[in-house]
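The values are calculated or read from the model by the stated rules, or taken from the named source; none is laboratory data. Quantities reported herein were computed from a predicted structural model and do not represent experimental measurements. Heads up, the Cβs are rebuilt from the backbone with ideal geometry, glycines too, and the neighbour counts pull from every protein chain shown. Heads up: the accessible areas ignore ligands, DNA and RNA and are worked out on the full protein's heavy atoms, side chains in. Shrake-Rupley method; radii C 1.70, N 1.55, O 1.52, S 1.80 Å.
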Amino acid sequence: MERKALRTLVLFAALAATTQLAAQETVGVPPPSPAGWSASKTEWGDPDLRGTYPLDQVGRTPMQRRPEYGNRLLMTEEEYRKALDSAAEVEAGADREDANNQLGAGNWFEYGTALRQTALIVEPAETGRIPALTDEGKRLQSTMHSSWNGEVFERLSDFNSLDRCITRGMPATMLPFPYNNGVRIFQSPGWVVINHEMIHEQRFIPLDGRPRPHEDVKSWLGSSRGHFEGDTLVVETTNFNGLSPMVIVGPSNGTSGIPTSPSMKIIEHFTPGPNGLYYEAWVEDPVVLTGSFKIGYPWTRNNAYEPFEYACHEGNTLIWANVRSTSPRYAEWRAENERKLAEAGVTGNGGS
């Protein structure tokens, strides 16, 4: 009940923020600061980015522009009102289920509301979409597997990094998801840490100018180095391992996903404003994509948001359960299990 009440408050706050945004006529750049406003500073003098920024305040805005919007960066007023109404309808799902003594997707999903901009991708402006894949990108995509689009599972490689509770990858980690959208920023002298409610991930960003690891040292979220340009935090991330999707489930390109390679590079800007931050990310991966793209959207601060623990599936049970319930290697086990359950008078699918 506490989470539901907080979620309602978040939705009201987000609706108020997006109603103000409806008058905005530019997309993809930080909005101008009000006259007389200046960014606050930490005790040691850096621009203060600390706070909680739940991304469900933009959760109904797709990563890529839908075809019906053509080359438009912004919805019309009528389109935007429908988007807000649709978001409110989905958000009310939990209350409807509770009233009917049900438990389903309404209590599970926390998409939140929508921006007026037609997509989180703002460049290329003509399409609002990820550029086409290279031939190698298409080959890599054909090898991508996950529990979201598979039917028969045999081995660990049939599951992606989200299935395995490792990471959503980059830049997907910085984008909204159907639930667990809390993002918190912490700072200390020489460091910025971004904490995500989803998969309890943390990005540790040093600001002291230290060299990057050797190019052979790679990781799921890459190696980040940051510095301030005025009040804006600039972060460049390289040294990716190429094993996680660039785009995964949620607001995305679909369950097939977009692959990555170790050549991916991402440059991010975090620009403070009176109500939060403006987030920008330039993404390039010449091995996978025929061009680069840019993400840009506001983060609204809401320190009343309380992140939940992301427990995922204890013991990595999703992997074993999917293999055991679908692989031909376990057909005899499933039949024997069904027989034992039938003898015990248990009905239903005993093989899963």
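Annotations
- The stretch 55-159, dipole about Cα centre (Lys/Arg Cβ +1, Asp/Glu Cβ -1), debye to the nearest 20: 380
- On the beta carbon distance between Gln141 and Ala35, with R0 = 41 Å, the FRET formula returns roughly 0.25.
- Cβ-derived FRET efficiency at R0 25 Å, Arg155 paired with Val346, nearest 0.05: 0.25
- Projecting label points 7 angstrom from Cα along Cα→Cβ for Glu89 and Glu77 puts them 2.2 nm apart.
- Net length available on complete extension from Asp48 to Trp148 is 32.1 nm, with 0.36 nm assigned per residue and the Cα-Cα distance removed.
- A Stokes-Einstein calculation at 10 °C with viscosity 1.306 mPa s, built on the Kirkwood radius of the stretch 124-177 over Cα pairs, returns a diffusion coefficient of 120 µm²/s.
- For the stretch 30-44, backbone phi angles converted through the Karplus equation (6.51, -1.76, 1.60; θ = phi - 60°) give residue-by-residue couplings of x, x, x, 6, x, 4, x, 8, 9, 5, 6, 10, 6, 4, 9 Hz, Gly and Pro being listed as x.
- Carbon plus sulfur fraction of accessible area for the chain, probe 1.4 Å, in percent: 54
- For the chain, size of Cβ-based charge dipole, Lys and Arg +1, Asp and Glu -1, in debye: 300
- Net lengthening on full extension, Trp191/Ala321 (0.36 nm per residue, minus Cα-Cα): 42.8 nm
- Accessible area (Å², per residue) of the chain, counting only protein heavy atoms and a probe of 1.4 Å: 48
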